[in-house]
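Only one structure is covered here, and it is reproduced in the block below.
None of the figures in this text is laboratory data; all of them are computed from the coordinates on show. The structure presented is a predicted model; accordingly, all values stated were derived computationally and were not measured. Cβ coordinates were reconstructed from backbone atoms using ideal geometry, including for glycine residues, and neighbour counts include every protein chain displayed.
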Amino acid sequence: MGQCGVISSKTVLVFLNLIFWAAAGILCYIGAYVFITYDDYDHFFEDIYTFIPAMVIIAVGTLLFVIGFIGCCATIRESRCGLTTFSVVLLLVFATEVVVVVLGYIYRAKVEAVVNHSIQNVYNEYKGTNTDAPSRAIDYVQRQLHCCGIHNYSDWMNTRWFNESKNSSVPVSCCKPSISNCTGTLTRPGDLYPEGCEVLVVKKLKDIMLYVILAALTFAAIQMLGLLCACVVLCRRGHDPSYELLVNTGVDA
């Protein structure tokens, strides 16, 4: 019965190490996705703390690839040293992912306050030129999120760009794609997105942070299963002389 449990644990452990390799790629992809997406919205928040979970999750993904290699070799060879190293590193990675989850929840709660504080300044910096970074960021967000202004399109009337242009229109990025020849004129408000960008930007950034949290929780659970299987194999080898003899005989054969 005990022998069957060890074989089952080894089989599961090898399978989990293959999952760790896949997880490494997925975590690195999620981290890169967060960086790329946040880069499009970085004008809407001033602090870089939101990048910390993404940095950590990329580091964890890289480390998981190494862990998967160590785990496979140690499991197949039934190396006590290798399995011990595997277990310790896996425990450290698990602790790191718990930190990622905690930071994710903390920073997710701060997103709304940060965006609310900075979004008005971003809109005031709008110049309507493609060479200007804040202008490109606002146009990109309005097109991608289908929004216009902070709370609605009327917010543009309080911006420096609107007062200086004196053409009674908002940027064409506010125009609905289904409307042809839209110029952003306020005389045709039906051509414009009715919803403001503030709420949608906050939702987008919170969703991204939620992806990080869910990914960290999922792979932390898988790692705990791997740690449990490694402990079963280690304990069996350490406390069952007959199993140790069987292993040595099998190796010698």
| note | The Cα radius of gyration of the stretch 86-165, divided by 2.2 N^0.38 Å with N its residue count, comes to 1.68
| Using 0.36 nm per residue, how much length does the chain from ALA113 to THR218 gain when fully extended, once their Cα-Cα distance is taken away? | 35.0 nm
| field | Amide H contacts of THR185 (H built 1.01 Å from N, under 5 Å, at least 5 apart or other chain) | value | VAL170
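With the cut-off at 26 Å, tell me which of the pairs LYS127/LYS206; LYS127/LYS204; LYS127/LYS176 have Cα atoms farther apart than that.
On the way: LYS127/LYS206 28 Å; LYS127/LYS204 24 Å; LYS127/LYS176 21 Å.
Beyond 26 Å between Cα atoms: LYS127/LYS206.
Under unit Cβ charges (Lys, Arg +1; Asp, Glu -1), what dipole magnitude, rounded to 20 debye, does the stretch 105-214 have relative to its Cα centre? Show your work: numbers first, answer last.
Working: 12 positive and 10 negative charges, 29 e Å.
My answer is approximately 140 debye.
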| task | Work out the FRET efficiency for VAL199 and ILE106 from their Cβ-Cβ distance, taking R0 = 25 Å, and round it to the nearest 0.05. | result | 0.75
